[in-house]
Every structure is written in C-alpha cells, then in structure tokens.
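The values are calculated or read from the model by the stated rules, or taken from the named source; none is laboratory data. Note that the structure is a prediction, hence the values are computed from the model and not measured. Every residue, glycine as well, gets a Cβ built from its backbone with ideal geometry; the counts of neighbours run over all protein chains shown. For the accessible areas, the whole protein counts, side chains as well, though only heavy atoms, and no ligand, DNA or RNA atoms are used. Shrake-Rupley method; radii C 1.70, N 1.55, O 1.52, S 1.80 Å.
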Amino acid sequence: LIIKKCLMQQSIQFVRHVVLNKHFKRDTVISYCANAIVLGTSFLLMIMINHDAGVKSYGEIALVSSLSSLIATFISPKSIDAVTRFYIREKISQQRENAKLIMVIAFGIDMIASGILLGIFFGLSETIAIIFFEASELSLIVLTYGYISVSLLMRSSISGYLQSHELFGTINFFQIVDAGLKLVFVGISLYSFENNTTQAIVDSYALAAVTTTVLMAVIFFYYFKKEFSLVSLKYNAALIKEYLLFNGKTFFATSIASINNNIDTIMLGYFTNTTVVGIYQSLKNLLMPISFVSSPYAMLTTAQLTRFYSNQDKINFMGTLAKVTKVIVLFNVIIIAIMLLGLEYLLNVVGIDEVLRFEYVMLAIIVTIKQSIWWNPIVINFYNPLFIGVLAIVYGMFFQMTVWFLYFVVSSFQMIHIIIPNLIATISVSFLAYRCLQRLVQSDMS
C-alpha cells in the first residue's frame, strides 16, 4: 500500500510537471508572438512619425511620454503586484470572500489614484510645456498624454486579476489591441486627414489607450461577476490593514523609483533639444528586440515564483531564474551582433541620417544588463518592497552625479554624456539586485 501511494504521488507530480511545462511553453510562445506584433507596430509608428512628421515631432512625443510616465509612476499604487500576491494567497487558502475583498480594494484605490493623477495633469500641463518645450501652447499635448497615463493606471488591478488567473492570452490580446489601434489611428491621422502635427499623433495615442482600457474593464467585470456573483463581500479589518500596509510599501518604493523613470530622456531634453531626443529615442527603439526577449517572462513566471517562494522551494525558484536569465542573455548577444552589422541601414530606414555605432553599443550593454535582472521586481517584493526605493536612490545618485560632472566638464553636452551616466548607474543597481537575491535565498528560503 505504501509503495502504491508513493507511485501514485510520483505519477501525479510527473503529470503536473509535464502539464505545467506544456502550458508554460504554450504561454511563452503566445507571449512572444504578441510581443512581436507590439514590437512591429512600435517600429512602424517610429518610421511613420519620423518620415511624415519629423524627428523633432518624434522627440516631442518621446519627451512628453517620459514626463507623463514619471508623474504617473509617482502616483500609481502599483496594484498589479499587490493583487497578484494577495489574491493568489487567498485563493490557495480557499478564502473566496477575502479574494473578492482584495479586488474591490485594489480597484477602488486605482480609481482614487486616477482622479488625483488627472488633476495633477490639469494643474501642471502648462508649466511642463514652458520648462521643457519653451512653448505654453504645447500644454494641450501634455494634458492629452495625461489621459493616456490615467487609462494605463486604471488597468493595474485588472491586469493583476488576469495575471493571478494566468489568463496570459487575454493579457496579450489587449496588448495587441492597444498597439493595433494606435497604429490604425495614427495612420488615419497622417494619411487620411493629412494631419502630421504632434497634437494629432498624441490624440491618436490617447484614443487607442482609452478604448483598450474600456474593453479591458468590460472583460474584467464579466470574469469578476462570473466568479464572485454568489460570494458575499465581507469586511475583514486584518486583511485590509495587511493589504494597505503592503501596498503602502510598494507605493512608497515606486514613488521613489519614479524619480528615475525615463530620466535619461528627460535630462537629454532639458540639456539639448527635441531633435536630439528624437534621435536618441529612435536609437533606443532599435534595441527593443532585446527587451522583446525577456518581456514575457516576468508576467509568465510571477505566479509560479510566488508559489515556489511560499512553499520554500529553493531549487525550483533559483532554477527558474537561472534558466530564463541564460536564455535572455544569449539571445541578447546574438541580436546585438546582428543589428550592429546592419546599423547604418536600420538607421536610414527609421529616418536617422547619422551612424552612431559607439552610442548603439553602449546602449546595448545597458539594456542587456537591465534585462539580465528581469526578475528584480518580483524578488524585491519577496525580500522587502521598500528596497526598490533604495535601488532607485542608488541609481539616481550615480546617474545625477555623473551627468552634472560631465555637464560642467565638457564644452558641448551631447547624447553620449547621458549614456555614460546611465551605464554607471545601471551597473551599480544590478550589483545590488544580485546581492538582494542572494540574501533572499540564504535567509527566507534556507
């Protein structure tokens, strides 16, 4: 009987292992296909805007996008991480009332944060336009991009819910919808209405973002009602306090981290002009295939790594991180080498006349280092959510010190004087991230 039980348990574990691997591989393929489509549309948009509206217009969009992202990240409560962690935990414990309560809290917080964010854009749009664009009439562009930031924030808890159910196909579908609508609306503006102004392009972006968010909300409420229509909503003070405490930590940490959100683009725009920003952003976008390699894995592995961590499964936890990281670094090196050979042709295609090989290689190294710690946000949430703030402070300190040193030393501030500080700061943060992972495994999972 004992032998029979052991054989049955081994068979069940084997089946689970095969099924999980099968599902993981399927989800990985689907995610790569979705990301390939999103990447392709981003390249098409970059080419369309650079050729039909000009590199200056693309630089204006990149700069306002970076500034809006900075503000939004400072306000965002980061519900996706909190929902994934608490929702999965309550579902495993068969506490459906608590799981429902978590979603209600998260969605409510997102609504409040969205209102605050929109108010900030109404109040600061003109000031931002004067400081960074030296033109108050461009305040409408900043305000319009605010609607994009608000719509993205409203997706946070919804994405956490879908991720907790491992509905990766649905998440990927909406990524494709968002990218596709953006391409269609920009194309209509440029070629049907022959309106190639920055405002028209930003309007198209906003329309695509809001439409996608509305569709996501409809799907979310459908799944939510189907799952919890028969489950009563019960007040749980201890759970609410625990959730708010954790979410407060992530909010504080991401607020600090927001200081460095697209800071390279913002500083370059401040010291130079939007044309240089457009060239810089185009060069960065050529490196998007590197990010493409790692982008699905954080989403696909969060639920698995959460289970491994909760079960003290150190072998599978570290094994997953090691395997994925090796794949990412290998493909990054291959992609960088191939693109370097055809860099002049690629730059001509996207509307850039200059050949910036050294800048490309430096940016490629930065992106590769960042992608090698794709797991950092997940690990930090396990280790201590506040530690992300420490990493942000370290990055900001090294970046700003180097930038201002170069600004006072060099006679003419150029693109490379933003890239070098970025590289130094990235190396520093990556070292601390690996130390954080090491301590997590040695202490919490020993």
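If you go through region 30-44 one residue at a time, do you hit one that is out of contact with any His (no Cβ under 9 Å at 6 or more places or on another chain), modelled with pLDDT of 85 or more and open to solvent by less than 20 Å² (accessible area, probe 1.4 Å)?
At the first step, the residues of region 30-44 found to be out of contact with any His (no Cβ under 9 Å at 6 or more places or on another chain) are 30-44.
Next cut, modelled with pLDDT of 85 or more only: 37-38, 40-44.
Then keep just the ones that are open to solvent by less than 20 Å² (accessible area, probe 1.4 Å); that gives 41.
Scanning region 30-44 turns up at least one residue that is out of contact with any His (no Cβ under 9 Å at 6 or more places or on another chain), modelled with pLDDT of 85 or more and open to solvent by less than 20 Å² (accessible area, probe 1.4 Å).
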query = From the list ILE335, ILE256, ILE240, which residue is in contact with a helix residue (DSSP H, G or I) (Cβ under 6 Å, 6 or more places away or on another chain), surrounded by fewer than 20 Cβ atoms within 10 Å (Cβ to Cβ) and more than 19 Å from ASN376 (Cβ to Cβ)?
reply = ILE335
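Quick one: which of ILE112, ILE105 is surrounded by fewer than 19 Cβ atoms within 10 Å (Cβ to Cβ) and either part of a loop (DSSP other than H, G, I, E, B) or modelled with pLDDT of 90 or more (or both)? Explain how you work it out, then say what you get.
On the way: ILE105 fails: surrounded by fewer than 19 Cβ atoms within 10 Å (Cβ to Cβ).
Testing whether each residue is surrounded by fewer than 19 Cβ atoms within 10 Å (Cβ to Cβ) and either part of a loop (DSSP other than H, G, I, E, B) or modelled with pLDDT of 90 or more (or both) leaves just ILE112.
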remark   = Among (1) farther than 29 Å from LEU268 by Cβ; (2) of a type outside the set (Gly, Ala, Ser); (3) touching a Phe, Trp or Tyr at 6+ places or on another chain (Cβ under 7 Å), LYS182 falls short only on (1)
query = Filter region 198-226 for residues that are among the β-branched types (Val, Ile, Thr) and surrounded by fewer than 14 Cβ atoms within 10 Å (Cβ to Cβ); which is nearest to TYR58 (Cα to Cα)?
reply = VAL214
query = Counting only residues that are surrounded by fewer than 20 Cβ atoms within 10 Å (Cβ to Cβ) and closer than 30 Å to PHE308 by Cβ, which one in region 390-415 is modelled with the lowest pLDDT?
reply = VAL390
ask   = Pick from region 347-389 the residues that are in a loop (DSSP other than H, G, I, E, B) and in contact with a Lys or Arg (Cβ under 7 Å, 6 or more places away or on another chain): which of them is most open to solvent (accessible area, probe 1.4 Å)?
value = LEU386
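Within the group SER93, SER65, which residue is over 30 Å from GLU137 (Cβ atoms) and either open to solvent by 40 Å² or more (accessible area, probe 1.4 Å) or at pLDDT 90 or above (or both)?
Numbers: SER65 fails: over 30 Å from GLU137 (Cβ atoms).
Within the list SER93, SER65, the selection yields SER93.
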inquiry  = Suppose we keep only residues that are among the hydrophobic types (A, V, I, L, M, F, W, C) and open to solvent by 10 Å² or more (accessible area, probe 1.4 Å) within region 267-290. Which one would you say is farthest from LEU363 (Cα to Cα)?
reply    = PHE271
ask   = Take the residues of region 168-185 that are open to solvent by 40 Å² or more (accessible area, probe 1.4 Å) and aromatic (Phe, Trp, Tyr): which is farthest from the chain's Cα centre (by Cα)?
value = PHE185
message = Taking the criterion of being open to solvent by less than 20 Å² (accessible area, probe 1.4 Å), assigned to a helix (DSSP H, G or I) and touching a Lys or Arg at 6+ places or on another chain (Cβ under 8 Å), would at least one residue in region 136-153 satisfy it?
response = no
